[in-house]
Amino acid sequence: AVCSMGNSTSRLYSVLAKTLSSGAVSQHQDCLEQLDSAQLDPIDPKELLEECQIVLQKRPPRFQRSFVNLKKNSASNHRPIRVMQWNILAQALGEGKDNFVQCPMEALKWEERKCLILEEILAYKPDILCLQEVDHYFDTFEPLLSRLGYQCTFFPKPWSPCLDVERNNGPDGCALFFLKERFELVSSANIRLTAMELKTNQVAIAQTLKCHETGRLFCIAVTHLKARTGWERFRSAQGCDLLQNLKNITQGAKIPLIVCGDFNAEPTEEVYREFSNSSLNLNSAYKLLSPDGQSEPPYTTWKIRPSGECRHTLDYIWYSQHALNVNSALGLLTEEQIGPNRLPSFNYPSDHLSLVCDFSFNQDPDRLL
């Protein structure tokens with residue numbers, strides 16, 4: 001099936017196959033070609049998507065989700081900025097630590113799960129991509145996404161739990177990608193979060209970008225806060241530290257801000273209230289999907305572990321609500337789509353749902369925040 005697609009596609013497949021296990025590669029060995037300098041050229045995203053779909057041809061088709069139009073104002077004078085937030089599930093944790101009791105190990109095979117992740121990214125075509133639990137950055141996401149036109153940044157956790165897993169692929173961390181054709185990097189900060197004046201194992205990346213089309217500056221940040229019940233005060237302290245860093249970077253909210261993250265915190269937690277009530281004037285984009293615009297989604301992660309079923313809202317896209325408009329947001333998967341065995345599954349590669357929003361700048365750049 002691969003060979004029939006022609007030389008250009010089979011060359012592309014050799015790029016994708018570099019990150020597959022030797023077992024998966026051997027299935028298509030007759031179609032693989034040696035890499036050469038020409039392979040450093042840009043990748044056609046449609047061809048990469050086709051290659052992913054070939055690898056996934058024995059799996060069920062990906063779930064269909066629709067964007068919900070949220071824009072009430074007149075049309076903006078620039079293309080929307082699409083931002084994608086996703087905890088993709090570190091491979092070492094998925095296979096070695098997380099104990100998804102209803103998920104077959106076969107569904108977690110990296111050579112296929114990786115293609116499910118790429119398929120999701122390619123389907124929504126984000127201008128900015130914010131990921132957590134990335135433990136295949138250097139061998140998969142940076143080589144492929146850089147050739148799709150993204151500038152790539154990775155900041156690993158200092159003591160990643162992935163390193164405790166046999167045959168791990170290195171530490172997991174946060175990764176931030178933006179399309180170079182749309183934005184220019186003005187400044188970048190890798191932040192190791194503190195709590196109670198102690199450096200912690202959680203990190204953030206914050207980058208100030210200039211939009212080529214409008215000339216406007218904005219800051220995009222990605223983070224992943226401490227997990228598990230009992231660490232609420234710790235997460236609160238990490239959130240305060242991140243907010244203080246972002247206040248400095250945005251010059252006290254003069255620069256619009258978007259913060260993506262797995263906060264490991266329900267909306268009832270103190271860290272959520274800190275972000276809601278911050279002087280940075282942030283709102284949570286996915287609240288806008290609720291009828292009153294005041295309620296978060298019922299879940300952004302849904303899994304079954306030995307301790308039972310876990311259904312929580314932990315993932316958010318925060319934004320400067322007076323400087324930015326949310327044009328649309330990607331609807332969540334329904335319970336019926338997710339299915340009784342929950343996530344991850346043969347259909348979906350992570351235990352967290354991706355969040356995707358389209359933003360536009362407020363038309364009055366001098367309006368006070």
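Ordered from largest to smallest accessible area (heavy atoms of protein chains, 1.4 Å probe), the residues Asp172, Asp164 come out as Asp164, Asp172. Dipole orientation for the stretch 60-133: of the candidates Met105, Ser76, Leu129, Ser76 has the Cα lying most toward the positive pole (charges on Cβ; Lys, Arg +1; Asp, Glu -1). Distance between the modelled labels on Arg192 and Lys125, one decimal in nanometres: 4.1 nm (7 Å Cα→Cβ projection). Length available on full extension from Lys46 to Cys310: 0.36 nm per residue minus the Cα-Cα distance, which gives 91.5 nm. On a per residue basis, the stretch 149-239 carries 46 Å² of accessible surface, using protein heavy atoms and a 1.4 Å probe. Surface composition of the stretch 79-364: carbon plus sulfur atoms hold 48% of the accessible area, using a 1.4 angstrom probe and ignoring ligands, DNA and RNA. Counting only DSSP H runs of at least 4 residues, each contributing -39500 (n - 2.57), and dividing by the residue count of the chain, the helix-based mean residue ellipticity at 222 nm comes to -6500 deg cm²/dmol. A compact globular protein would have a Cα radius of gyration near 2.2 N^0.38 Å; the ratio found for the stretch 79-364 is 0.94. Met196 contributes about 110 Å² of solvent-accessible surface, heavy atoms of the protein only, 1.4 Å probe. Work out the charge dipole of the stretch 79-364 with +1 on the Cβ of Lys and Arg and -1 on the Cβ of Asp and Glu about the Cα centre, then indicate which of Phe178, Leu225, Asn190 is farthest towards its positive end. Value: Asn190.
Using a cut-off of 30 Å between Cα atoms, the listed pairs Lys71/Lys254; Lys114/Lys157; Lys46/Lys247; Lys180/Lys303; Lys114/Lys199 include Lys46/Lys247; Lys180/Lys303; Lys114/Lys199 as exceeding that distance. Mind pulling the angle between the C-alpha long axis of helix 45-55 and the longest principal axis of the chain? Nearest 10 degrees, somewhere in 0 to 90. Taking Cα atoms only, the helix is inclined about 60 degrees. The mean of 1/r over all pairs of different alpha-carbon atoms in the stretch 141-251, once inverted, gives a Kirkwood hydrodynamic radius of 15.4 Å.
His212 sits with roughly 100 Å² accessible to a 1.4 Å probe, with DNA, RNA and ligands left out of the calculation. Placing +1 on the Cβ of every Lys and Arg and -1 on the Cβ of every Asp and Glu, with nothing else charged, gives the stretch 79-364 a dipole about its Cα centre of roughly 620 debye. Ordering Pro344, Thr153, His322 by the projection of their Cα atoms onto the charge dipole of the chain, which places +1 on the Cβ of Lys and Arg and -1 on the Cβ of Asp and Glu, puts His322 at the extreme positive end. Accessible surface ranking for Arg228, Arg65, Arg311, Arg113, 1.4 angstrom probe, highest first: Arg228, Arg311, Arg65, Arg113. Annotation: aspartates and glutamates with alpha-carbon distance below 18 angstrom to Lys58 (same-chain offsets under eight excluded): Glu50, Glu106, Glu111, Glu112, Glu119, Glu120.
Of the listed residues Trp159, Trp110, Trp86, the order by accessible area with a 1.4 Å probe, largest first, is Trp159, Trp110, Trp86. In this view, the solvent-accessible surface of His136, computed with a 1.4 Å probe and all protein chains in place, comes to about 20 Å². This model, with +1 at the C-beta of Lys and Arg and -1 at the C-beta of Asp and Glu, gives the stretch 103-232 a dipole about its Cα centre of some 380 debye.
The values are calculated or read from the model by the stated rules, or taken from the named source; none is laboratory data. Model, not experiment: these values are computed from the prediction. For neighbour counting, all protein chains shown are included, and Cβ atoms are generated from backbone atoms with ideal geometry for every residue, glycine included. Accessible surface is based on the protein model in full, side chains and every heavy atom, while ligands, DNA and RNA are left aside. Shrake-Rupley method; radii C 1.70, N 1.55, O 1.52, S 1.80 Å.
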